[in-house]
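A quick write-up on the structure given underneath.
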């Protein structure tokens, strides 16, 4: 959201989920259901793959 300069409420609206649900995910670390992830991705026009593609965490620890 910071990168795209978009508010939590706007993402929730675009994703057709409640702001409280998104707040729980973002600020409280709640694990979203896969259908919620899909809604967020659709709202942001990104793929689920891109949603999970976060370079700092892509490296496998050995």
* Give the residues of the stretch 34-56 that are out of contact with any helix residue (DSSP H, G or I) (no Cβ under 8 Å at 6 or more places or on another chain) and loosely packed, with under 12 Cβ neighbours inside 10 Å, sorted by residue number. => 34, 35, 45, 49, 52, 53, 54, 55, 56
* **Check on residue 2, at pLDDT 95 or above and either more than 11 Å from the chain's Cα centre (by Cα) or part of a helix (DSSP H, G or I) (or both)** => no
* Taking the condition more than 12 Å from the chain's Cα centre (by Cα) and modelled with pLDDT of 90 or more, does residue 28 pass? -> yes
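The values are calculated or read from the model by the stated rules, or taken from the named source; none is laboratory data. Quick caveat, the model's predicted, so the values are computed rather than measured. All Cβ positions, glycine included, derive from the backbone under ideal geometry; neighbour counts span all protein chains shown.
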